[in-house]
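The values are calculated or read from the model by the stated rules, or taken from the named source; none is laboratory data. Treat the numbers as computed from the prediction; the structure is a model and nothing was measured. Neighbour counts run over all protein chains shown; Cβ positions are idealised from the backbone, glycine included. Note: areas computed on protein heavy atoms with side chains; ligands, DNA, RNA excluded. Shrake-Rupley method; radii C 1.70, N 1.55, O 1.52, S 1.80 Å.
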Amino acid sequence: MTETRIKHIACIGAGYVGGPTMAVIAQKCPDIKVTVVDISRERIAEWNDSNLDNLPIYEPGLKEVVAEARGRNLFFCTDVEGAIREADMIFISVNTPTKTYGVGKGMAADLKYVELCARQIANVATGNKIVVEKSTLPVRTAQSIRTILDAESNGLQFQVLSNPEFLAEGTAVSDLLNPDRVLIGGSEEEGGQAAVRALVEIYARWVDRSKILTTNIWSSELSKLTANAFLAQRVSSINAISALCEKSGADVDEIARAIGMDSRIGPKFLKASVGFGGSCFQKDILNLVYIARSYGLTEVADYWEQVISMNDYQKRRFAENIVNRLFNTVSGKKIAIMGWAFKKDTNDTRESAAIYVADYLLNEQAELWVYDPKVKAERVYADLDYLNTRGEDENRKLVKVVRDPYEAMQGAHAVAVLTEWDEFKAYDWQRVYDDMKKPAFLFDGRNILDRNKVKALGFEFEAIGYRS
Ligand code: UDX
Ligand code: ADP
């Protein structure tokens, strides 16, 4: 039995998955050269910036890991072909957005970037390679990658592994350092198993072997979609109950505590909110729904699709409530949007609930002032422009993005908290109240503010899952 010892890793895609994952692998394996490549020159330049505050991704603890490994055995560059040629193991961490055209539009994952990578690997490689799919992908993609590689391989041996990423943004570095489990799927033939062992040896440098699971490739791929579907389902379930609480007078956080103490249910992912966002939940469920439909499993598809419907309902309900409470009109009224990221401790805004709430309020001709501690103004405008609901000029006319939270809230008719940033809890809410138009409406989409305190200050306060 020959064992492959990996000396050189390449990672295609320097995004939220590829960047942090490779930084941690490089930190833990100083004898392995790790090269992260991307077609975006700008992104690579940011990864190489001598000022670590300019890294393209904000993650607590990331800059310290990059500081240790960068230039030692961690490199960022745009030479995709060079990195492929040099590496024994290649991670594919490119983006796989939901298709915006053709068959499966709005549902299936767009695999064009993955396919391009596979073709490039096959065309450039001069030796055998292990290819690891890291991007979130629909089931059976590994098989497609394998087919492309084999078709173009010129007799070289490629092994394809599935190694789904379970890190959550905002806690990426600690999730990578202390994962609940690492999942590696590979083919059952000897070459596949040798490739699996090579990857196991990398993770085993810092992860207990009992937490490294090896499965067949389809189980690994489907586990990723299933994990995200179950997590999102919990959020939609508690959000469904939050609507009932608002009518009945039950308290959604008390319910979460009561049910979470049942060890069969557990306490995590029961925080009612304005709705889940992020690059994975919606996309993965849509993938699951698409796959189920394509196999004719209509009931299965409908079942999981409901998790997304409930999330859309939650975002819409929150926005509608703002309009209702503001005497059925927000036209020309200043509303502060506090938080644009899809959760705290990240600058990622993909599928953020804030985008949809803002879009709804803009349709009602509100004037929005946005503040987020980590999201840049260009990102806010790009997110709104992408929806195509109105022209770019109008988005810029109706939305202001400011760097001072108090400026965003000064003179506002209403404040809406849309991300659970810790700093929001520490604001001088008395000052905010004094500077706002009266009645001063405060809508907490994350249930982070102390209800009794802000009500005592005089706010008309609304939170998710409480009758006001
Ligand atoms: C998720 C998975 O957790 C991760 O394993 C996978 O690799 C990628 O997708 P991520 O999208 O980064 O990670 O964040 P996560 O912490 O799962 O939160 C997703 C969304 O759900 C956020 O908008 C968050 O605010 C929301 N959420 C989460 C709630 O509204 N309530 C909760 O109780 C938990
Ligand atoms: P994720 O959250 O999955 O990491 P991101 O969008 O943050 O997604 O990162 C994916 C990265 O992959 C982007 O920086 C993009 O430029 C890069 N990318 C996409 N296609 C290719 C390709 N063919 N070669 C190199 N990099 C690519």
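For the stretch 48-76 and the stretch 267-343, compute the distance between their C-alpha centroids and round to whole Å.
So the two Cα centres are separated by 33 Å.
Ranked from the most accessible area to the least, with a 1.4 Å probe and all protein chains present, what is the order of Trp429, Trp206, Trp218? Don't skip to the answer; put the middle values down first.
Details: Trp429 20, Trp206 45, Trp218 90 Å².
Largest to smallest exposure gives the sequence Trp218, Trp206, Trp429.
Determine the share of the stretch 274-463's accessible area contributed by carbon and sulfur atoms, expressed in whole percent, with a 1.4 angstrom probe. Mind showing how you got there, number by number?
Details: 3850 of 8190 Å².
So the carbon and sulfur contribution to the accessible surface is 47 percent.
Sticking with the crude label model, points 7 Å out along Cα→Cβ, report the distance from Asn48 to Arg205 in nm, one decimal please.
Output for this residue pair reads 2.3 nm.
Check each of the trypsin sites (Lys or Arg not before Pro) in the stretch 33-83 and keep only those in coil by DSSP with at most 14 other C-beta atoms within 10 angstrom; list them in order. All intermediate terms of the calculation are to be shown ahead of the outcome.
Values: sites: Lys33, Arg41, Arg43, Lys63, Arg70, Arg72; in loops: Arg72.
Sites meeting the loop and neighbour criteria: Arg72.
Measuring with a 1.4 Å probe in the full set of protein chains, what accessible area per residue, in whole Å², belongs to the stretch 274-463? Could you put the intermediate results ahead of the total?
Working: 8190 Å² over 190 residues.
Computed with neighbouring chains in place, this is 43 Å² per residue.
Pull up the cross-link candidates among the aspartates and glutamates for Lys33, meaning alpha carbon to alpha carbon under 17 Å and not fewer than 8 places away within one chain.
Qualifying aspartates and glutamates at Cα under 17 Å: Glu68, Asp79, Glu81, Glu86, Asp88, Glu201.
State which entries of Lys211/Lys271; Lys129/Lys283; Lys343/Lys453; Lys28/Lys105 exceed 31 angstrom in Cα-Cα distance in the structure shown. Could you put the intermediate results ahead of the total?
On the way: Lys211/Lys271 27 Å; Lys129/Lys283 29 Å; Lys343/Lys453 24 Å; Lys28/Lys105 40 Å.
Where the Cα-Cα span goes over 31 Å, the pairs concerned are Lys28/Lys105.
When the scattering of the chain is computed by the Debye formula from its Cα atoms alone, each counted once and equally, what is log10 I(q)/I(0) at q = 0.14 Å⁻¹?
Each listed q corresponds, in turn, to -1.36.
Going by average Cβ density within 10 Å per residue, which order do the peptides 310-318, 323-331 take, highest to lowest?
Working: 310-318: 19.3, 323-331: 14.7.
Put in order of decreasing packing, that is 310-318, 323-331.
Starting from the Cα-Cα distance between Asp31 and Ala151, subtract it from 0.36 nm times their residue separation and give me the gain in nm to one decimal.
Working: separation 120, 0.36 × 120 = 43.20 nm, distance 3.32 nm.
My answer for the length gained is 39.9 nm.
Can you find, among Pro60, Ile184, Ala319, the residue sitting farthest towards the positive end of the charge dipole of the chain, where Lys and Arg contribute +1 and Asp and Glu -1 at Cβ?
Checking the options against the dipole of the chain, the answer is Ala319.
Where the accessible area of the stretch 27-147 is counted over protein heavy atoms with a 1.4 Å probe, how much of it, in %, is carbon and sulfur? Walk me through the numbers before you get to the answer.
On the way: 2570 of 5340 Å².
Accessible surface attributable to carbon and sulfur in the stretch 27-147 totals 48 percent.
What accessible area per residue comes out for the stretch 90-236, rounded to a whole number of Å², with a 1.4 Å probe? Before the final figure, lay out each step's value.
Working: 6020 Å² over 147 residues.
Here the per-residue accessible area is 41 Å².
With runs of 4+ DSSP H residues as the only contributors, calculate the mean residue ellipticity of the chain at 222 nm using -39,500 (n - 2.57) per run, divided by the residue total and rounded to the nearest 500.
Value at 222 nm, helices only: -14000 deg cm²/dmol.
Which far-off residues, 5 or more places away or on another chain, put their amide H under 5 Å from the one on Val132, with H placed in the peptide plane?
Ile90, Phe91, Ile92, Leu161
Once you sort the root eigenvalues of the Cα gyration tensor of the stretch 348-414 as a ≥ b ≥ c, which label holds: rounded (a/c under 1.5), prolate (a/b larger than b/c) or oblate (the other case)?
Details: a/c = 1.63, a/b = 1.19, b/c = 1.37.
Taking the square roots of the gyration eigenvalues as a ≥ b ≥ c, the stretch 348-414 is oblate.
What does the C-alpha gyration tensor say about the overall shape of the stretch 8-207? Classify as rounded when a/c is under 1.5, otherwise prolate if a/b is larger than b/c, or oblate.
It is rounded, given that a/c, with a ≥ b ≥ c, falls under 1.5.
Roughly how many nanometres apart are two label points built 7 Å out from the Cα toward the Cβ at Ala240 and Arg325?
Rounded to a tenth, the inter-label distance reads 2.5 nm.
Roughly to the nearest percent, how much of the accessible area of the stretch 193-247 is carbon and sulfur, given a 1.4 Å probe?
On the way: 1410 of 2360 Å².
Roughly 60 percent, rounded to a whole number.
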